[in-house]
Amino acid sequence: MEVVEHVAALRAQGALLAEAAAAVDLDTPVSTCPGWRMRDLVQHIGGVHRWAATYVASSRTEPMDAEEEAKVMAPPDDGALAEWFLEGHAHLVSTLDAADPELDCWSFLPAPSPLAFWARRQAHETSIHRADAQSPGAAITPFPPALAADGVDELLWGFASRRRSKLRADPPRGLHLHATDTGADWLVRVQPDRIAVERRAGDADWSVRGPVSDLYLLLWNRRGTDGLEVQGDPALLDLWRTSIQVRWS
């Protein structure tokens, strides 16, 4: 996906998130984020949007400290929370839209450019939290296949492949993902000191087949395996769930 596509996804997913959040009380529990209520979710994503926009708008090349982050991300009281989220989302979208492609600023995952990183990261941050916002309702709306596949890529080649990742296995184990709607495959080799990801099918200790939107949600620990085709040792999924924790830096 290109920057313009990620920004379009951010715009659309943020609108869906706002709609879902507005449909329930702020005290509503968010089942996909244990311990959170809708208030916590809106405060979090609204703050993250402002945090991200600050790096892009100011071309900041060093990470904020905890005090700066708290100031940038500070939410208002409940009565102003919905409008605060909408304003922050719109500002992030317009900031990314207007940014120079040659922008130099801090980022924390591999990407073709800092602008490409922030557009992609915020598209997926907002997408996954959109699913969280919809989780108290009847159903989570499926993601467009291209967006979901890109989200699987970001998680596997970005977060899970970092040196600090806790996803390790000795002896090595294999995980195979197959998207039944797009035909895409991901083969993940979990090793004692790293993981290796390839875009192909292959033998694995555990495999799962299903629509790519469901694979995206599964890897982000937002759904179980019900309705998916699963084979092999379920302990590998348990390893994934306990090892993959997303951190900003």
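Here are some notes:
- Looking only at region 31-65, and only at residues there that are β-branched (Val, Ile, Thr) and under 22 Å from ARG11 (Cβ atoms), the one that is most open to solvent (accessible area, probe 1.4 Å): THR54
- Hits in region 234-249 - residues which are outside any loop (DSSP other than H, G, I, E, B) and surrounded by fewer than 17 Cβ atoms within 10 Å (Cβ to Cβ): ALA235, ASP238, ARG241, THR242, SER243
- Evaluation of ARG164 against (1) of a type in the set (Lys, Arg); (2) closer than 24 Å to THR61 by Cβ; (3) crowded, with 22+ Cβ neighbours inside 10 Å (one fails), failing number: (3)
- Within the option set GLU68, GLU102, being among the acidic types (Asp, Glu), open to solvent by 60 Å² or more (accessible area, probe 1.4 Å) and outside any loop (DSSP other than H, G, I, E, B) holds for one residue only, GLU68.
- Lone unmet requirement of (1) touching a Cys at 6+ places or on another chain (Cβ under 8 Å); (2) not in a helix (DSSP H, G or I) for PRO110: (1)
- Strands (runs of 3 or more DSSP E) contained entirely in region 163-233, each with at least 1 residues that are touching a His at 6+ places or on another chain (Cβ under 8 Å) and farther than 27 Å from PRO110 by Cα: 206-210
- Residue within region 75-93 that is among the small types (Gly, Ala, Ser) and either more than 19 Å from HIS44 (Cβ to Cβ) or outside any helix (DSSP H, G or I) (or both) present: no
- Taken as a whole, region 200-214 holds at least one residue that is closer than 22 Å to PRO34 by Cα, buried (at least 17 other Cβ atoms within 10 Å of the Cβ) and under 19 Å from the mean Cα position of the chain (by Cα).
The values are calculated or read from the model by the stated rules, or taken from the named source; none is laboratory data. Predicted, not measured: the structure shown is a model, and the values here were computed from it. FYI the Cβ positions are ideal-geometry reconstructions off the backbone, even for glycines, and counts take in every protein chain you see. Calculation scope for accessible area: heavy atoms of the full protein, side chains included, ligands and nucleic acids excluded. Shrake-Rupley method; radii C 1.70, N 1.55, O 1.52, S 1.80 Å.
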